[in-house]
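Student: Can you keep this structure in mind? I'll have questions shortly.
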Amino acid sequence: MPENLWSKPLKKNAEEFPLTSLPVLSGSIPETLQGTLYRNGPGSLQRGGQRVGHWFDGDGAILAVHFTPDGAKAVYRYVQTAGYQEEVKANQYLYPNYGMTVPGPFWNNWGKDVKNSANTSVLALEDKVLALWEGGLPHALDPDKLDTFGTDSLGGLASGSPFSAHPKVDPNTGEIFNFGVIPGNKVTLQVYKCQADGNILKTVSLPLEGLPLIHDFVLAGRYLVFLVPPVRVALLPVLLGFQSFSDAMQWKPELGTEIIVLDRATLSVISRTKTDAWYQWHFANGYEDQDGHVVAEFVRYRDFETNRYLQQIPTGNPQTYAEGHLWQLRFDPKSGKVLNSEPLLTRDCEFPVISPARVGQFHEETYLSVHREGVNPQKELYGAIACYNHSKNTLAIADAGENCYPSEPIYVSDPKQSYGGWLLTVVYEANQDQSEVWIYQRDRLTEKPVCRLQLPKVIPHSFHGTWKPKPDEKM
């Protein structure tokens with residue numbers, strides 16, 4: 001079977017590189033684009049001849065691209081987690097993970113915690129960058145050279161406490177909200193309210209039914225909203241070492257999707273209700289409409305086959321296809337009653353993002369990853385980024401071209417123009433087997449990028465990123 005060209009970066013472990021000036025391949029860097037793009041994703045998917053069991057198992061590596069008046073420089077470093085260091089030294093996998101167990105007899109897994117891969121997302125604070133992962137503490141890194149400081153308790157997290165990969169930052173107050181799911185005899189949802197420096201202000205624990213997979217949540221005006229999908233982990237086979245967490249996850253549509261609404265100020269529960277069954281990884285945003293109802297926007301899947309597809313990505317030849325659509329849910333936060341639920345786009349998409357300045361408020365545009373026209377979506381990764389305009393109901397698409405694979409688009413505002421801005425994406429250019437940073441003007445996606453920069457080495461496909469503006473600039 002012919003090789004899918006996008007899979008080439010996954011065939012070998014990525015190589016780090018020090019802070020390096022980036023050559024401009026075309027166009028020019030906008031003068032007012034000043035700050036840093038950070039991206040996180042699995043840099044290594046094999047060790048000692050063994051391949052990971054799931055894409056989510058790869059060791060996290062961070063890319064930082066610093067834009068200054070003197071041009072752009074980039075650095076790429078693995079997060080030096082304890083598990084990564086031990087496994088590199090031993091040249092074998094020593095810990096269970098999301099989609100894998102320790103090689104050998106099942107009892108090799110007994111008494112071992114899942115490895116913190118630090119591979120999912122990043123949160124850029126004033127004096128550090130946090131590498132985030134679902135099931136444990138964040139790792140703090142130097143924001144310039146990406147040296148790993150170690151795990152960070154944020155002034156209040158217990159050892160091993162989960163601080164999940166999709167925190168929400170209020171653009172007006174600077175408050176940070178996040179969560180973690182803690183397994184055990186009584187499974188709990190821990191919800192955190194943090195200061196702008198990341199330190200914990202308040203924590204609450206909510207009981208959950210079984211052990212679900214909650215990847216993301218949404219800040220919507222005065223509320224925090226969790227949509228708990230009907231996925232449950234059969235924990236006993238995991239504890240006995242017979243199955244990984246991923247393999248032990250069961251799709252139970254009869255449970256429906258639970259809507260949990262919290263007051264953002266007090267973290268108290270306002271309502272808990274059930275609605276139809278679906279699965280979602282990512283939210284775009286949430287807000288309160290003029291009637292006081294909550295609107296949540298996310299990419300919705302009809303079931304959990306998306307997990308199987310992602311498991312097959314490291315093979316370079318996925319056999320499963322799971323289609324996600326941009327969806328809007330409107331409900332009464334006090335009763336939890338669903339008022340409206342409908343797709344905004346019927347085109348397969350993922351990684352929805354908005355301007356950071358609009359988090360928790362009404363947003364006019366949603367940026368996302370889509371497939372190119374005419375490709376087989378089961379075999380190809382996303383080859384385009386797009387902008388969905390809500391009021392116009394239009395989709396502007398930036399097609400990267402044949403065998404080019406852009407990452408999740410990151411919105412950056414232009415400090416000199418109120419409505420100006422750019423979309424930044426890291427592209428694997430498979431025709432030349434190189435990685436590049438592309439800068440698009442936000443409102444001209446059908447035109448060529450305003451600038452293309454070449455990275456010194458190939459960067460494997462990453463998951464999530466963020467933009468940190470210069471301290472004197474607003475988002």
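Student: Residues in region 421-448 that are assigned to a loop (DSSP other than H, G, I, E, B) and either of a type in the set (D, E) or under 27 Å from H166 (Cβ atoms) (or both): how many?
Tutor: Number of matching residues: 5.
Student: Note down all Cβ pairs under 7 Å where the first residue falls in region 134-157 and is over 23 Å from K202 (Cα atoms), the second is of a type in the set (V, I, T) and open to solvent by 20 Å² or more (accessible area, probe 1.4 Å), and they're at least six residues apart or on different chains.
Tutor: Final answer for the pair search is L141/T148.
Student: Something else: Mind checking which residues of region 402-418 are of a type outside the set (G, A, S), out of contact with any Asp or Glu (no Cβ under 8 Å at 6 or more places or on another chain) and modelled with pLDDT under 95?
Tutor: The answer is D414, K416, Q417.
Student: Oh, and also: Looking only at region 362-373, count how many residues are touching a residue at least 40 places away in the same chain (Cβ under 8 Å) and open to solvent by 50 Å² or more (accessible area, probe 1.4 Å).
Tutor: Going through region 362-373 one residue at a time, the tally reaches 1.
Student: Could you check region 66-103 and list, in sequence order, the residues that are under 29 Å from L213 (Cα atoms), outside any loop (DSSP other than H, G, I, E, B) and touching a residue at least 60 places away in the same chain (Cβ under 8 Å)?
Tutor: Passing the criteria: R77, Y78, N97, M100.
Student: Quick one: would you say P460 is within 21 Å of the chain's Cα centre (by Cα), open to solvent by less than 40 Å² (accessible area, probe 1.4 Å) and either at pLDDT below 95 or acidic (D, E) (or both)?
Tutor: Considered against the rule, which asks whether it is within 21 Å of the chain's Cα centre (by Cα), open to solvent by less than 40 Å² (accessible area, probe 1.4 Å) and either at pLDDT below 95 or acidic (D, E) (or both), P460 comes out as no.
Student: Mind checking which strands (runs of 3 or more DSSP E) fall wholly inside region 106-159 and carry at least 2 residues that are buried (at least 22 other Cβ atoms within 10 Å of the Cβ) and on the phi < 0 side of the Ramachandran plot?
Tutor: Hits in region 106-159: 121-124, 129-132, 139-141.
Student: Now for a different question. Across region 86-105, what is the total count of residues that are at pLDDT 85 or above, surrounded by fewer than 21 Cβ atoms within 10 Å (Cβ to Cβ) and of a type in the set (A, V, I, L, M)?
Tutor: 3
Student: Further question on the same structure: Name every residue in region 380-400 that is assigned to a loop (DSSP other than H, G, I, E, B) and surrounded by 15 or more Cβ atoms within 10 Å (Cβ to Cβ), in order of residue number.
Tutor: Of everything in region 380-400, those that are assigned to a loop (DSSP other than H, G, I, E, B) and surrounded by 15 or more Cβ atoms within 10 Å (Cβ to Cβ) turn out to be E380, L381, Y382, G383, A400.
Student: What are the residue pairs meeting all of these: first residue in region 445-457, first residue within 15 Å of E15 (Cα to Cα) and in contact (Cβ under 8 Å) with a residue 24 or more places away in the chain, second residue among the aliphatic types (A, V, I, L, M) and outside any loop (DSSP other than H, G, I, E, B), Cβ atoms under 9 Å, and 6 or more apart or on different chains?
Tutor: L455/L63; L455/V65; L455/A74; L455/V426; L455/V437; P456/A74
Student: Check every one of the strands (runs of 3 or more DSSP E) wholly within region 303-360 and list those with 3 or more residues that are under 20 Å from W6 (Cβ atoms), modelled with pLDDT of 95 or more and open to solvent by 30 Å² or more (accessible area, probe 1.4 Å).
Tutor: In region 303-360, there are no strands (runs of 3 or more DSSP E) which contain 3 or more residues that are under 20 Å from W6 (Cβ atoms), modelled with pLDDT of 95 or more and open to solvent by 30 Å² or more (accessible area, probe 1.4 Å).
Student: Quickly run through region 270-291 and pick out the residues that are crowded, with 18+ Cβ neighbours inside 10 Å, of a type in the set (S, T, N, Q) and more than 17 Å from I260 (Cβ to Cβ).
Tutor: N285
Student: Please pick out the residue among L227, L208, L132 that is more than 25 Å from D332 (Cβ to Cβ) and at pLDDT 95 or above. Even if it seems obvious, please write down each step before you answer.
Tutor: Details: L227 fails: more than 25 Å from D332 (Cβ to Cβ); L208 fails: more than 25 Å from D332 (Cβ to Cβ).
From the options L227, L208, L132, the qualifying one is L132.
Student: Here is a check on your reading of the model: is V169 touching a strand residue (DSSP E or B) at 6+ places or on another chain (Cβ under 7 Å) and open to solvent by less than 30 Å² (accessible area, probe 1.4 Å)?
Tutor: Details: touching a strand residue (DSSP E or B) at 6+ places or on another chain (Cβ under 7 Å): yes; open to solvent by less than 30 Å² (accessible area, probe 1.4 Å): no.
Criteria not met by V169.
Student: Go through region 54-76 residue by residue and tally those that are farther than 25 Å from K416 by Cα and surrounded by 22 or more Cβ atoms within 10 Å (Cβ to Cβ).
Tutor: Number satisfying all stated conditions: 11.
Student: Are there any pairs with C-beta distances below 6 angstrom linking a residue in region 40-53 that is in contact (Cβ under 8 Å) with a residue 40 or more places away in the chain and open to solvent by 10 Å² or more (accessible area, probe 1.4 Å) to a residue that is in a strand (DSSP E or B) and of a type outside the set (D, E, K, R), with the two at least 6 apart or on different chains, and if so which?
Tutor: Taking only residues 6 or more apart or on different chains, the pairs are V52/M100; G53/M100.
Student: Moving on. Those residues that are closer than 20 Å to H461 by Cβ and open to solvent by less than 30 Å² (accessible area, probe 1.4 Å), I need them from region 5-39; list them, please.
Tutor: W6, S7, P9, L10, A14, F17, L22, L37, Y38, R39
Student: Which of (1) touching a strand residue (DSSP E or B) at 6+ places or on another chain (Cβ under 9 Å); (2) of a type outside the set (D, E, K, R); (3) at pLDDT below 95 does P2 not meet, given it meets every other one?
Tutor: The single condition P2 does not satisfy is (1).
Student: How many residues, within region 405-432, are surrounded by 20 or more Cβ atoms within 10 Å (Cβ to Cβ) and among the acidic types (D, E)?
Tutor: 2
The values are calculated or read from the model by the stated rules, or taken from the named source; none is laboratory data. This one's a predicted model, so the numbers in the text were calculated from it and none came from an experiment. So basically every Cβ, Gly included, is an ideal-geometry build from the backbone, and we count neighbours across all protein chains shown. To get the accessible areas, we keep the full protein, side chains included, count just its heavy atoms, and leave off ligands, DNA and RNA. Shrake-Rupley method; radii C 1.70, N 1.55, O 1.52, S 1.80 Å.
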